[in-house]
Amino acid sequence: MFWILLVCSLCSLVNADADRRRYSNPTYYNVGGVLSSNESIAFFKDTISNLNFKDKYVPRGVTYHDYSILMDPNPIKTALNVCKDLIAHRVYAVVVSHPLTGDLSPAAVSYTSGFYHIPVIGISSRDSAFSDKNIHVSFLRTVPPYSHQADVWVDVLKHFNYMKVIVIHSSDTDGRAILGRFQTTSQSIDEDVDRKVFVEQVIEFEPGLDSFSDKLIEVKSAQARVFLMYASKTDAEIIFRDATYLNMTTTGYVWIVTEQALDAANAPEGLLGLRLVNATNEHAHIQDSIYVLASAIRDMNTSEEINAPPSDCDNSGSIWTTGRLLFDYIRKQRLENGATGHVAFDDHGDRVHAEYDMVNVRAQGEHVAVGKYFYSKDTQKMRLELKEHEIIWMGRSSTKPEGFMIPTHLKVLTIEEKPFVYARRVDDETECFTEEIFCPHYNTNQLYCCKGFCMDLLRYLSKAINFTYSLALSPDGQFGNYIIRNFSQPGAKKEWTGLIGELVYERADMIVAPLTINPERAEFIEFSKPFKYQGITILEKKPSRSSTLVSFLQPFSNTLWILVMVSVHVVALVLYLLDRFSPFGRFKLAHIDGTEEDALNLSSAIWFAWGVLLNSGIGEGTPRSFSARVLGMVWAGFAMIIVASYTANLAAFLVLERPKTKLTGINDARLRNTMENLTCATVKGSAVDMYFRRQVELSNMYRTMEANNYDNAEQAIQDVKNGKLMAFIWDSSRLEFEAAQDCELVTAGELFGRSGYGVGLQKGSPWADLVTLAILDFHESGIMESLDNQWILRNNMLNCEENEKTPNTLGLKNMAGVFILVLAGIVGGIVLIVIEVVYKRHQIKKQKRMEIARHAADRWRGAVEVNRAKVAAMDVDIKRIDTKICLIFLPQPDYFQT
């Protein structure tokens, strides 16, 4: 076994030597040091000497040498010494330290070495400026910057459940850096997303304070009683002096400060502060920095070609490219068991996973460690452990303060939304009734009295959790919508309007209204548990069958009516013909009996056919022949069936039938199809509007309805009643209430987008848990059910359902056509009688003329007869004369013959 291990070791050495030969990498590495004392220089030399015997960090054949100098108070001399004593000896990296007292800084070393990209490992400087890689391009450090204390702040606050704080910081680079890191870390999304720390106020001051009273007086009325402070020792003494004078270091207050402020001589008893472990142990940091450097060179030696570093500061044109690679290799190193703990670096080269002690200030300025912040190997994360029972809080209290001051008088906002809030205009507060609450419009002079579901809920809440309130109505009637400012720029942010905006910008404490809980609002405000669960539904007007003047004709189709009309006259004609030509008809018998008045003519046959169809009495003009009477009986049966069918169908059309809703719900194709002539809308900027924005599958529908959206629900519901809007999409509680109030309205389809109404509060409000517990208690005790019965269900849907089960009462609009038909018959009769009269008069005149002509003809005929008689007598006389003449002229026979 021994021989196998020996062979493997030799092989590894051979491979290492082969790699070095392949890359021609150096075997000697010089490390520079700019240290604060001769003692540190001596330790630096010993550490590098011992490093050469550690095979874990230094491969066989590789040797490290040290070159170190003391830091000069003059930064120019320090830079010159770095060039002369370190860079001239081709150092691969520089370990730099500076005294903890005084104004000395490793900046000169960082600038000089960084110009050639020689890595610089700081072991004492904690200024945030060294994190800027644009300036300190090759600077790393084994100590964290001051701004990293913000990470510990966040864990401490979450441990004590302090979710609302006030931050005090100086306006220098470190003060602003710690604020930025705290805000980023406290709002980062992790597994505990609901427990985000909210910064109520930020106080920034210029270093070198004379007084801080004015700033403290401004925040004394704030709710938060937890102060996070970053300040220098001298500034912290001024702040503690003024805070003590204003009684802001007494029971109920919590002060958590950084390391510099913890050293203030007048730090109050009960103060909590942080202290970096091994912060002043320069030897431990020297050891860790050298081992990190050696590990980086070891890893780089096996995979990269290493060039010699620069040796002359006068050659400003050469940049050591290997230095950039070495910086990256150092940044990636991790020491699991370093002298200062777990050593690792972030992307800026800053130390992470540094350990802190939580220090509690006791009497006479004694500092007692009551907890620690350390790296856990099990979870591979930083972990906070506190001994709460050993902490002495402000005012020498052993009980953890609440961390906030709960105001007993709240500014409550609401909005008019039936049946949750009814608003009545008044001239004076004294005009409000017992069940009403005075609620003037917010920031206006308009006075109102409010009542309803939410007003009763507000009364119950104020009694249950003991607060007073002043109520105000939203002046614009809007719940609130967010507007994205500078959308195209990186600094774009959401700005809220309406009630939500008043809460977000802390101009109000609470919203008690039908406020829908949704993700967009929950990101900026706090919600209680829902006091009423609801969803989204669609309101429409019941489609009623139009009652026109010809409504009574609806039981039969147009074709059937035409056939009935034709049948009447065809049957009448056949009846006339049958009775006319039958030997037993009235025409035959009329000539025998000499009575023609009872004969069935065509007019009488038509009258008979209509009389049978309309079930009217037939007095005369009935058929007498057997064949005509058989047809009359068949026609009577036909008329009975037609009349009965018409009557039954008329009842179904005008009495019993109730129209159903036109829409089937949100998935109705007519809502989804933008080509349909169907107008739907909701309220601008409402929770329903936000719901449609979130739903990708409803995007086409939303684009169509967006142009139709209303400013408030009242106007939209009124337009549905008037028929101007076909479908209004809104909260189910309100729409079901409206449908119960007006049976002509109906909700369509099933609920979707289910959510609930909650009480809105400021982010991190101390009232949130109390309000939630009270609402849960109201649900269990039946108070919510009684409010539902009183305000929402008192006019329920049963009334409308009963109305639908009973027949409709026929009105004038249903039967107006029948009356108009009678009126048309009357008018027609009058017109016909006028025609008859005119015709009769014409006939009389014609008869008179005929009589006159007859009399004239008779007289003329008589005269003609007289004249004829006279002519006949004259003819006789002529014949006699002719005879005599013929006798005289007898010898002339030809003439007489002619």
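The values are calculated or read from the model by the stated rules, or taken from the named source; none is laboratory data. What you are looking at is a predicted structure, and each value in this text was computed from that prediction instead of being measured. Cβ coordinates were reconstructed from backbone atoms using ideal geometry, including for glycine residues, and neighbour counts include every protein chain displayed. These accessible areas exclude ligands, DNA and RNA; they are computed on the full protein's heavy atoms, side chains included. Shrake-Rupley method; radii C 1.70, N 1.55, O 1.52, S 1.80 Å.
Filter the strands (runs of 3 or more DSSP E) completely within the stretch 69-171 down to those with at least 3 residues that are in contact (Cβ under 8 Å) with a residue 40 or more places away in the chain and over 25 Å from V197 (Cβ atoms).
Answer list for the stretch 69-171: 91-96, 139-141.
Given the conditions (1) modelled with pLDDT of 75 or more; (2) open to solvent by 60 Å² or more (accessible area, probe 1.4 Å), and given that R624 satisfies all but one, which numbered condition is not satisfied?
Condition not satisfied by R624: (1).
Within the set of pairs 6+ apart or on separate chains, which have a first residue in the stretch 415-442 that is open to solvent by 70 Å² or more (accessible area, probe 1.4 Å), a second that is in a loop (DSSP other than H, G, I, E, B), and C-beta atoms under 6 Å apart?
none
Looking at (1) within 52 Å of the chain's Cα centre (by Cα); (2) surrounded by 24 or more Cβ atoms within 10 Å (Cβ to Cβ); (3) part of a loop (DSSP other than H, G, I, E, B), can you tell me which one G175 breaks?
Looking at each condition in turn, G175 falls short on (3).
Might you let me know whether the stretch 39-47 holds any residue that is over 30 Å from D299 (Cα atoms) and out of contact with any Pro (no Cβ under 6 Å at 6 or more places or on another chain)?
yes
Restricting attention to the stretch 519-537, which residues are in contact (Cβ under 8 Å) with a residue 24 or more places away in the chain and within 18 Å of L413 (Cβ to Cβ)?
R521, F524, I525, E526, F527, S528, F531
Give the stretch 701-731 a look and list any residue that's farther than 17 Å from F479 by Cα, in a helix (DSSP H, G or I) and touching a residue at least 12 places away in the same chain (Cβ under 8 Å), or say none.
Within the stretch 701-731, M701, R703, T704, M705, I717, V720, K721 meet the criteria.
Please verify whether the stretch 338-353 includes one or more residues that are farther than 30 Å from K56 by Cα, surrounded by 12 or more Cβ atoms within 10 Å (Cβ to Cβ) and either out of contact with any strand residue (DSSP E or B) (no Cβ under 8 Å at 6 or more places or on another chain) or modelled with pLDDT of 90 or more (or both).
No, the stretch 338-353 has no match at all.
For the stretch 106-115, what are the residues that are of a type in the set (S, T, N, Q) and open to solvent by less than 10 Å² (accessible area, probe 1.4 Å)?
Residues satisfying the conditions are S110, S113.
Tell me the residue from I290, I306, I330, I297 that is open to solvent by less than 30 Å² (accessible area, probe 1.4 Å), over 24 Å from S36 (Cα atoms), in a helix (DSSP H, G or I) and not basic (K, R), please.
I297
L698: surrounded by 14 or more Cβ atoms within 10 Å (Cβ to Cβ) and either modelled with pLDDT under 80 or not in a helix (DSSP H, G or I) (or both), yes or no?
So L698 does not fit the description; no.
Restricting attention to the stretch 208-230, does a residue exist that is modelled with pLDDT of 90 or more, assigned to a loop (DSSP other than H, G, I, E, B) and closer than 21 Å to S765 by Cβ?
yes
Being of a type in the set (K, R) and more than 28 Å from the chain's Cα centre (by Cα) is the filter here; which residues of the stretch 427-479 pass it?
Hits for the stretch 427-479 are R459, K463.
Restricting attention to the stretch 89-105, and to residues there that are modelled with pLDDT under 90 and surrounded by 15 or more Cβ atoms within 10 Å (Cβ to Cβ), which single residue is nearest to V31 (Cα to Cα)?
Step by step, filter the stretch 89-105, then rank; the result is H98.
Being under 25 Å from A150 (Cβ atoms) and touching a Pro at 6+ places or on another chain (Cβ under 9 Å) is the filter here, so list the residues in the stretch 104-119 that pass it.
If the condition is that a residue be under 25 Å from A150 (Cβ atoms) and touching a Pro at 6+ places or on another chain (Cβ under 9 Å), then S105, A107 are the ones that fit.
Could you grab me the full set of residues in the stretch 235-248 that are buried (at least 21 other Cβ atoms within 10 Å of the Cβ) and either without any contact (Cβ under 8 Å) to a residue 12 or more places away in the chain or within 44 Å of the chain's Cα centre (by Cα) (or both)?
If the condition is that a residue be buried (at least 21 other Cβ atoms within 10 Å of the Cβ) and either without any contact (Cβ under 8 Å) to a residue 12 or more places away in the chain or within 44 Å of the chain's Cα centre (by Cα) (or both), then M248 is the only one that fits.
Quick one: which of T322, T379 is within 27 Å of N81 (Cβ to Cβ), out of contact with any Asp or Glu (no Cβ under 7 Å at 6 or more places or on another chain) and either surrounded by 13 or more Cβ atoms within 10 Å (Cβ to Cβ) or without any contact (Cβ under 8 Å) to a residue 40 or more places away in the chain (or both)?
T322
For the stretch 1-60, what are the residues that are of a type in the set (F, W, Y), open to solvent by less than 90 Å² (accessible area, probe 1.4 Å) and at pLDDT below 75?
Y23
Quick check on the stretch 664-686: of everything there that is aliphatic (A, V, I, L, M) and at pLDDT below 80, which residue is surrounded by the most Cβ atoms within 10 Å (Cβ to Cβ)? Walk me through it before giving the result.
Step one: list which residues in the stretch 664-686 are aliphatic (A, V, I, L, M), which gives 666, 669, 671, 675, 678, 681, 683.
Remaining after also requiring at pLDDT below 80: 669, 671, 675, 678.
Values: A669: 9, L671: 25, M675: 7, L678: 17.
Among those residues, the one meeting the criterion is L671.
Regarding the stretch 116-136, can at least one residue be identified that is open to solvent by 20 Å² or more (accessible area, probe 1.4 Å), over 17 Å from A284 (Cα atoms), touching a Ser or Thr at 6+ places or on another chain (Cβ under 8 Å) and modelled with pLDDT under 90?
No, the stretch 116-136 contains no residue that is open to solvent by 20 Å² or more (accessible area, probe 1.4 Å), over 17 Å from A284 (Cα atoms), touching a Ser or Thr at 6+ places or on another chain (Cβ under 8 Å) and modelled with pLDDT under 90.
Yes or no, residue by residue, for (1) surrounded by 14 or more Cβ atoms within 10 Å (Cβ to Cβ); (2) modelled with pLDDT of 75 or more; (3) hydroxyl-bearing (S, T, Y):
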site	(1), (2), (3)
M565	no, yes, no
P583	no, no, no
F587	yes, no, no
H591	no, no, no
L600	yes, no, no
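I need the full set of residues from the stretch 733-747 which are open to solvent by less than 20 Å² (accessible area, probe 1.4 Å) and in a strand (DSSP E or B), in order please.
L745
Just to be sure before I move on: is M358 surrounded by 20 or more Cβ atoms within 10 Å (Cβ to Cβ) and under 22 Å from F240 (Cα atoms) in the structure I sent?
Details: surrounded by 20 or more Cβ atoms within 10 Å (Cβ to Cβ): yes; under 22 Å from F240 (Cα atoms): yes.
It is true that M358 is surrounded by 20 or more Cβ atoms within 10 Å (Cβ to Cβ) and under 22 Å from F240 (Cα atoms).
Determine which member of the set E750, E785 is out of contact with any Asp or Glu (no Cβ under 9 Å at 6 or more places or on another chain), of a type outside the set (G, A, S), part of a helix (DSSP H, G or I) and open to solvent by 20 Å² or more (accessible area, probe 1.4 Å).
On the way: E750 fails: part of a helix (DSSP H, G or I).
Going through E750, E785 in turn, the sole match is E785.
Being outside any helix (DSSP H, G or I) and either crowded, with 20+ Cβ neighbours inside 10 Å or free of Cβ contacts under 8 Å to residues at least 40 places away in the same chain (or both) is the requirement here; does R181 meet it?
So R181 does not fit the description; no.
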